[in-house]
Amino acid sequence: MRPGDPGPSRDRGNSVAARAVPRTPGESQPRAPETTPTRFRPTLHPGAWWLWAISLGVAATRTTNPLLLALLLAASGYVVATHRSPAPWARSYTAFVRLALAVLLIRVLFAVALGSPIPGTHTLLTLPEVPLPHWAQGIRLGGRVTAEAVLFAAYDGLKLATLLVCVGAANALASPTRLLKSLPGALYETGVAVVVALTFAPHLIADVRRLRAARRLRGRPDRGLRGLLQVGLPVLEGALERSVALAAAMEARGYGRTAEVPARVRRTTAALTLGGLLGVCAGTYGLLTAEGGTYGLPVLLAGVLAALAGLRLGGRRSPRTRYRPDRWGVHAWLVTGSGAAVAALLTLASVRDPGALHPGVVPLVAPTLPLWPAAAVLLALLPAFAVPREPS
Amino acid sequence: MIRFEDVSVTYEGAAGPTVAGVDFEVPEGELVLLAGPSGVGKSTVLGAVSGLVPHFTGGTLRGRVTVAGRDTRTHQPRELADVVGTVGQDPLAHFVTDTVEDELAYGMESLGLAPAVMRRRVEETLDLLGLAALRSRPIATLSGGQRQRVAIGSVLTPHPRVLVLDEPTSALDPAAAEEVLAVLQRLVHDLGTTILMAEHRLERVIQYADRMVLLPAPGATPLTGTPSEIMAVSPVHPPVIALGRLADWTPLPLTIRDARRQAAPLRARLADSPSRRDSPTPVSDPTPAPRQHRFRSRFRRTAPTPAPHHPHLAEVHSLSLRRDTTQALRHIDLTISQGETIALMGRNGAGKSTLLNTLVGLLTPTTGTVTVGGLTPHRTPPPTLIRQVGLVPQDPRDLLYADTVAAECAAADKDAEAAPGTCRALVSELLPDISDDIHPRDLSEGQRLALALAVVLTARPPLLLLDEPTRGLDYAAKARLVSVLRSLAAEGHAIVLATHDVELAAELAHRVVLLAEGEVIADGPMAEIVVSSPSFAPQVTKILAPQRWLTVAEVREALK
């Protein structure tokens, strides 16, 4: 284990490795070859996947054309299908798809129940209208449901749903924990706290499932709301116990060690960070008000620079180093580039040809597929072919 | 390397100190075993080494603990992280990152080691612990033994001079435990690492220990000495010691090998014994005991009864089960008859828990059929099913919801529609000195198991399943569990135990079912199957081979 002692570690390693390979007892294979192929570390920077997915999300906000949106969904779904990691957290994609469907349905249901400002002539059905008092003017419950209103809501809902699915794709392709590794040193500890808090919820859900199942063993029904309430307290107790145990383990493994830094550096860090944040606030204010148009941008930029310098300097307090940091290589550029190109081209198209990207609902027309924006969306498929797959 | 100077620890709100008068030194490069019954403060002593006691847990520590010259009073646990590596009882609570490789690197990242050094040490540790094939696997998908090895690896990479391990092999199957222990022995022998370790399964670890520290009772002064000195007086001891004491062997043997050298006269005496067993033991006669009839009459009133002439309590027929992408069970055929005690054994992840969960209907078979008392478990409403079959899960806490023992018992009576007080009577039988108002979470591991067992038994199921019941139990608690289960079997209950504990299986079971990769690979009388297996044979069998003895009690009986 220590340097200069590689010999014995090798032969022991082999015989132990033999056990990790499934084998049946009785047949003794002291030196079973490793049947698992050598696993490569995912080579692509996780940030590239997130940028790609966010760009697709931006592209989705530029259009309500259901054909284009469906194409975007298909393209991102295909990349997820080919490149998602085999890890359990990659299953969150399905959860996001379900959430997106729910959003779409709710949007349409609201349009049906509450009416819509879209003037329409094709009445689908008429719901009984609930008379509302005069202070609730402008709100309608029930009444005429037109095809135009429903279609408009569906287009709008599909846009939101696509956005959600894009976020889900980012989650499935690169876990947020991997993204954490690229955070600046000064923010790392806050980042770990956030990630631990984020994994709290999935653990809690797993606990609820296990305990509800265990209710069967007590002869109580394992479904229903009462069952959920009864396991509530034990689940929270268990989750709390686990969090404390994790905190103890992290503490014992050196989480939160700080390095000695000279007082001068500490003071400079504080000044830079605070000044930078103030600059960002002032700059943003300047940009938003009419008379501040001249100083707004330079102050904002200066503030951002000062804050970044403060962060970098603050990183000195943390002695952390990074194990195999993800590198930003050619593939990362390709992935990010393909996403950015889709976003840029669709933005351009929405300016040049708004009619095609926002098919009208009054009068009702069938949406058509605009040719070159559709070709642009297909650029999002580039990672599926250009990036080497993770072995599963 | 580690020095305790008259240390006592008192937790807040506790009446007296949890440990007192702890005064010993662990020299560099020794493996020291901390032993004692459960609840004597072993974990507290271990926590004091890493500084988690009292910095993290609270309480008052009197005296002084120094590790590699650093006083834990002035050093926070994180400042000791480069000299002490700690692995707690539950490896899952220990993991911070998602994948094996990142987990191995985490401690080094915190200490700020150079990337090149980290890379080299991760590779070395992957080889050392045989984890190379698992390097990019998510930790959530690993088996128990693999997790334990990752947890040990994750504290090894910063090259600590001291390792502190709390029950490193309790959750592991015999083969995986031997692997972990072989790695620890290598660290001690080749690298001079100092190890302080607590473990209930002394039969697995005692041969590796250089010295022992025995905590005989809560708050009592610990004894230190060589393993054979301590074992001569220890209230907790493995079967090899019990056999040695029985046969008056001096010096007391600690290993199978030492014991075999001295065992020739004993073998000769036993060879003439009338109860000598060279032939397989017949499975005990499954005649129902008188008390069984009382339960039966209860069933007739309240629940559908299996046909009276039904020969088997449970039948499993070509059962297969898929979970996600893995085939958890393949073509299992199994019948369980009344009064039988079956040990279900096999390595971690072989499908033992899955099979038990299928028998109580927690999981639905993919193909094949399961019937318990004539019912299909996963289609039977829970209130009916608990009269046929009861399961004590791996973590008994899963069964306990109430905030006092009394409330738990009242709820159990209501669930089982038993007469009020049924469960409480069972609890008193299993745990004579337990008060009504104690919170189930404050019970010790063994007490909690007994409470869960009582809750399950309230419905009087003829088939009782236990998943890994001896995890965290000391020898005394285990002996109590054995006598309780024996009397249940005598009453006609069929018992199935999924366990890694070969000594427990040897004490209790008539029949062994070995599972590997979801298949039954052996099914037959205990004596026949375990004798031929190097990892599943109990210590007494190994010492007295080729004669077939399983337990010290049998030998004692034969010598009378």
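Working only within region B:94-137, note down all residues that are under 20 Å from A:Ser175 (Cβ atoms), of a type in the set (A, V, I, L, M, F, W, C) and under 27 Å from the mean Cα position of the chain (by Cα).
Of everything in region B:94-137, those that are under 20 Å from A:Ser175 (Cβ atoms), of a type in the set (A, V, I, L, M, F, W, C) and under 27 Å from the mean Cα position of the chain (by Cα) turn out to be B:Phe95, B:Val96, B:Val100, B:Leu104, B:Leu134.
Could you tell me which of the residues A:Ala193, A:Ala147, A:Ala161 is in contact with a strand residue (DSSP E or B) (Cβ under 7 Å, 6 or more places away or on another chain) and of a type in the set (A, V, I, L, M)?
A:Ala147
In region B:463-511, what residues are free of Cβ contacts under 8 Å to residues at least 60 places away in the same chain and β-branched (Val, Ile, Thr)?
Within region B:463-511, B:Thr470, B:Val482, B:Val484 qualify.
All but one of (1) part of a strand (DSSP E or B); (2) within 14 Å of chain A (Cβ to nearest Cβ) hold for B:Val316, so report the exception by its number.
(2)
Quick one: is A:Leu313 surrounded by 13 or more Cβ atoms within 10 Å (Cβ to Cβ) and outside the structural domain of A:Leu67 (by TED's automatic domain parsing)?
So A:Leu313 fits the description; yes.
To keep it simple, each residue is scored yes or no on (1) surrounded by 17 or more Cβ atoms within 10 Å (Cβ to Cβ); (2) away from chain B (no Cβ under 14 Å); (3) among the small types (Gly, Ala, Ser).
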residue	(1), (2), (3)
A:Gly286	yes, yes, yes
A:Arg324	no, no, no
A:Leu348	no, yes, no
A:Asp353	no, yes, no
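So, of the residues in region B:497-536 that are out of contact with any helix residue (DSSP H, G or I) (no Cβ under 9 Å at 6 or more places or on another chain) and part of a helix (DSSP H, G or I), which turns out to be surrounded by the most Cβ atoms within 10 Å (Cβ to Cβ)?
Per the stated criteria, the residue is B:Ile529.
It is to be established whether one or more residues within region B:410-431 are assigned to a loop (DSSP other than H, G, I, E, B) and among the basic types (Lys, Arg).
No, region B:410-431 contains no residue that is assigned to a loop (DSSP other than H, G, I, E, B) and among the basic types (Lys, Arg).
Could you say which residue among B:Leu142, B:Leu172 is more than 9 Å from chain A (Cβ to nearest Cβ) and surrounded by fewer than 24 Cβ atoms within 10 Å (Cβ to Cβ)?
B:Leu142
Can you tell me which of A:Ala206, A:Ala239, A:Ala270, A:Ala214 is surrounded by 15 or more Cβ atoms within 10 Å (Cβ to Cβ) and either within 29 Å of the chain's Cα centre (by Cα) or away from chain B (no Cβ under 14 Å) (or both)?
After ruling out the rest, the residue left standing is A:Ala239.
Taking only region A:291-310 into account, find how many residues are modelled with pLDDT of 80 or more, surrounded by fewer than 18 Cβ atoms within 10 Å (Cβ to Cβ) and either of a type in the set (Gly, Ala, Ser) or within 28 Å of the chain's Cα centre (by Cα) (or both).
Residues in region A:291-310 being modelled with pLDDT of 80 or more, surrounded by fewer than 18 Cβ atoms within 10 Å (Cβ to Cβ) and either of a type in the set (Gly, Ala, Ser) or within 28 Å of the chain's Cα centre (by Cα) (or both): 6 in total.
Based on this model, can you work out whether B:Arg121 counts as of a type in the set (D, E, K, R), part of a helix (DSSP H, G or I), in contact (Cβ under 8 Å) with a residue 40 or more places away in the chain and more than 7 Å from chain A (Cβ to nearest Cβ)?
Taking the combined requirement at face value, the residue does not satisfy it.
Could you list all residues from region A:99-109 that are touching a residue at least 12 places away in the same chain (Cβ under 8 Å) and either over 13 Å from A:Ala149 (Cβ atoms) or in a strand (DSSP E or B) (or both)?
A:Leu99, A:Ala100, A:Leu101, A:Val103, A:Leu104, A:Leu105, A:Ile106
Counting only residues that are more than 21 Å from the chain's Cα centre (by Cα) and not hydrophobic (A, V, I, L, M, F, W, C), give me the strands (runs of 3 or more DSSP E) lying completely in region B:163-254 with at least 2 of them.
Correct list: B:223-225.
Can you tell me which residue within region B:406-439, out of those that are in contact with an Asp or Glu (Cβ under 6 Å, 6 or more places away or on another chain) and not small (Gly, Ala, Ser), is farthest from B:Pro469 (Cα to Cα)?
Result: B:Pro420.
Among A:Arg320, A:Arg316, which is within 14 Å of chain B (Cβ to nearest Cβ) and either among the small types (Gly, Ala, Ser) or in a helix (DSSP H, G or I) (or both)? So that I can check it myself, show each step before the final result.
Numbers: A:Arg320 fails: either among the small types (Gly, Ala, Ser) or in a helix (DSSP H, G or I) (or both).
A:Arg316 is the lone residue from the list that is within 14 Å of chain B (Cβ to nearest Cβ) and either among the small types (Gly, Ala, Ser) or in a helix (DSSP H, G or I) (or both).
Scan region B:77-115 residue by residue and report those that are in a loop (DSSP other than H, G, I, E, B), modelled with pLDDT of 90 or more and closer than 30 Å to B:Gly13 by Cβ.
B:Leu80, B:Ala81 - these are the residues of region B:77-115 that are in a loop (DSSP other than H, G, I, E, B), modelled with pLDDT of 90 or more and closer than 30 Å to B:Gly13 by Cβ.
Taking region B:75-118 on its own, how many of its residues are more than 7 Å from chain A (Cβ to nearest Cβ), closer than 18 Å to A:Ser182 by Cα and in contact with a strand residue (DSSP E or B) (Cβ under 6 Å, 6 or more places away or on another chain)?
The total comes to 1.
Scan region B:47-55 and tell me whether some residue there is hydrophobic (A, V, I, L, M, F, W, C) and touching a residue at least 60 places away in the same chain (Cβ under 8 Å). Don't jump to the end; show me each part of the working.
Kept after step one, since they are hydrophobic (A, V, I, L, M, F, W, C), are these residues of region B:47-55: B:48-49, B:52-53.
Keeping just the survivors that are touching a residue at least 60 places away in the same chain (Cβ under 8 Å) gives B:49.
Checked region B:47-55: at least one residue is hydrophobic (A, V, I, L, M, F, W, C) and touching a residue at least 60 places away in the same chain (Cβ under 8 Å).
Can you tell me which of (1) more than 8 Å from every other protein chain (Cβ to nearest Cβ); (2) under 25 Å from the mean Cα position of the chain (by Cα) is the one B:Val155 doesn't meet?
(1) is the only condition that B:Val155 fails.
Does region B:24-38 contain any residue that is free of Cβ contacts under 8 Å to residues at least 40 places away in the same chain and surrounded by fewer than 23 Cβ atoms within 10 Å (Cβ to Cβ)?
Scanning region B:24-38 turns up at least one residue that is free of Cβ contacts under 8 Å to residues at least 40 places away in the same chain and surrounded by fewer than 23 Cβ atoms within 10 Å (Cβ to Cβ).
Out of everything in region B:40-67 that is touching a Pro at 6+ places or on another chain (Cβ under 6 Å) and more than 14 Å from chain A (Cβ to nearest Cβ), what residue ends up being nearest to A:Arg253 (Cα to Cα)?
The qualifying residue nearest to A:Arg253 (Cα to Cα) is B:Leu61.
Is it the case that some residue within region B:211-223 is more than 27 Å from B:Lys42 (Cα to Cα) and touching a strand residue (DSSP E or B) at 6+ places or on another chain (Cβ under 8 Å)?
Checked region B:211-223: no residue is more than 27 Å from B:Lys42 (Cα to Cα) and touching a strand residue (DSSP E or B) at 6+ places or on another chain (Cβ under 8 Å).
Restricting attention to region B:458-471, which residues are under 19 Å from B:Met345 (Cβ atoms), in contact with a Ser or Thr (Cβ under 9 Å, 6 or more places away or on another chain) and either within 14 Å of chain A (Cβ to nearest Cβ) or of a type outside the set (Ser, Thr, Tyr) (or both)?
Scanning region B:458-471 gives B:Leu466, B:Asp467, B:Glu468, B:Pro469, B:Arg471.
List the number of the failed condition for A:Gly115; all other conditions in (1) of a type outside the set (Asp, Glu); (2) touching a Lys or Arg at 6+ places or on another chain (Cβ under 6 Å); (3) within 14 Å of another protein chain (Cβ to nearest Cβ) hold.
Only one criterion in (1) of a type outside the set (Asp, Glu); (2) touching a Lys or Arg at 6+ places or on another chain (Cβ under 6 Å); (3) within 14 Å of another protein chain (Cβ to nearest Cβ) is unmet by A:Gly115, namely (3).
Just checking, which of B:Gly361, B:Gly349 is among the small types (Gly, Ala, Ser), free of Cβ contacts under 8 Å to residues at least 60 places away in the same chain and either within 12 Å of chain A (Cβ to nearest Cβ) or buried (at least 18 other Cβ atoms within 10 Å of the Cβ) (or both)? Please lay out each step first, then the result.
Working: B:Gly349 fails: free of Cβ contacts under 8 Å to residues at least 60 places away in the same chain.
Answer to the selection: B:Gly361.
Is there any pair with a first residue in region A:65-77 that is closer than 12 Å to A:Leu346 by Cβ and a second that is polar (S, T, N, Q) and surrounded by fewer than 22 Cβ atoms within 10 Å (Cβ to Cβ) whose Cβ atoms are under 9 Å apart and which are 6 or more apart or on different chains, and what are they?
If the second residue must be polar (S, T, N, Q) and surrounded by fewer than 22 Cβ atoms within 10 Å (Cβ to Cβ), the pairs left are A:Asn65/A:Thr368.
The values are calculated or read from the model by the stated rules, or taken from the named source; none is laboratory data. Please read these numbers as outputs of a predicted model, since none were measured by experiment. Backbone-built Cβ (ideal geometry, glycine too); neighbour counts: all protein chains shown.
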